[in-house]
1. Being part of a loop (DSSP other than H, G, I, E, B), touching a strand residue (DSSP E or B) at 6+ places or on another chain (Cβ under 7 Å) and surrounded by 11 or more Cβ atoms within 10 Å (Cβ to Cβ) narrows it down to one residue among Leu72, Leu39; which is it?
2. Does segment 50-65 contain at least one residue that is in contact with a Gly (Cβ under 9 Å, 6 or more places away or on another chain), within 30 Å of Leu32 (Cβ to Cβ) and surrounded by 10 or more Cβ atoms within 10 Å (Cβ to Cβ)?
3. Tell me, which residue of segment 98-114 that is charged (D, E, K, R) and surrounded by 10 or more Cβ atoms within 10 Å (Cβ to Cβ) is nearest to Ser65 (Cα to Cα)?
4. Would you confirm whether any residue within segment 50-64 is touching a residue at least 12 places away in the same chain (Cβ under 8 Å), out of contact with any Ser or Thr (no Cβ under 9 Å at 6 or more places or on another chain) and of a type in the set (Val, Ile, Thr)?
5. Residue check: is Thr58 hydroxyl-bearing (Ser, Thr, Tyr) and under 17 Å from the mean Cα position of the chain (by Cα)?
6. Restricting attention to segment 77-97, which residues are open to solvent by 100 Å² or more (accessible area, probe 1.4 Å), among the aliphatic types (A, V, I, L, M) and more than 18 Å from Ser65 (Cα to Cα)?
Amino acid sequence: MLEIISSPENWASLLTLTVLEIVLGVDNLIFLSILASRLPIEKRKKGRRLGLGAALITRLGLLASVAWIVTLNKPVFTVADLAISWRDVILFVGGMFLIAKSTLEIHHSVEGEE
């Protein structure tokens, strides 16, 4: 237990995750403020609370799914002496999706509409 607390890598991970959560939380607040400003005045408070509640539930669900994905480390198949688990497959497919999506977005912003 003591080695978990004294490990600099764990502290760096905690700091990184904390900064990411703060940035994403501020982003959620700005987005919800913009959306709530479009509501009638009497519904804005309820809209903000529902939005923050939905954001919290979604964030907890995503955190639980990431925690579950991390446990999928049992090898499913082997390719050229490399054991591949479901975690590896999910992370690879997710990474390829992000690369493809960002490439398409950059291409769209540079080239414009056809």
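The values are calculated or read from the model by the stated rules, or taken from the named source; none is laboratory data. A quick note: this is a predicted structure, and the numbers were derived from the prediction, not measured. Ideal geometry is used to build each Cβ from the backbone, glycine not excepted, and the neighbour counts take in all protein chains shown. Just so you know, the surface numbers come from the protein's heavy atoms only, side chains and all, with ligands and any DNA or RNA stripped out. Shrake-Rupley method; radii C 1.70, N 1.55, O 1.52, S 1.80 Å.
1. Leu72 is the lone residue from the list that is part of a loop (DSSP other than H, G, I, E, B), touching a strand residue (DSSP E or B) at 6+ places or on another chain (Cβ under 7 Å) and surrounded by 11 or more Cβ atoms within 10 Å (Cβ to Cβ).
2. Looking through segment 50-65, at least one residue is in contact with a Gly (Cβ under 9 Å, 6 or more places away or on another chain), within 30 Å of Leu32 (Cβ to Cβ) and surrounded by 10 or more Cβ atoms within 10 Å (Cβ to Cβ).
3. Looking at the filtered set, the residue picked out is Lys101.
4. no
5. When the stated conditions are applied, Thr58 passes them.
6. Leu82
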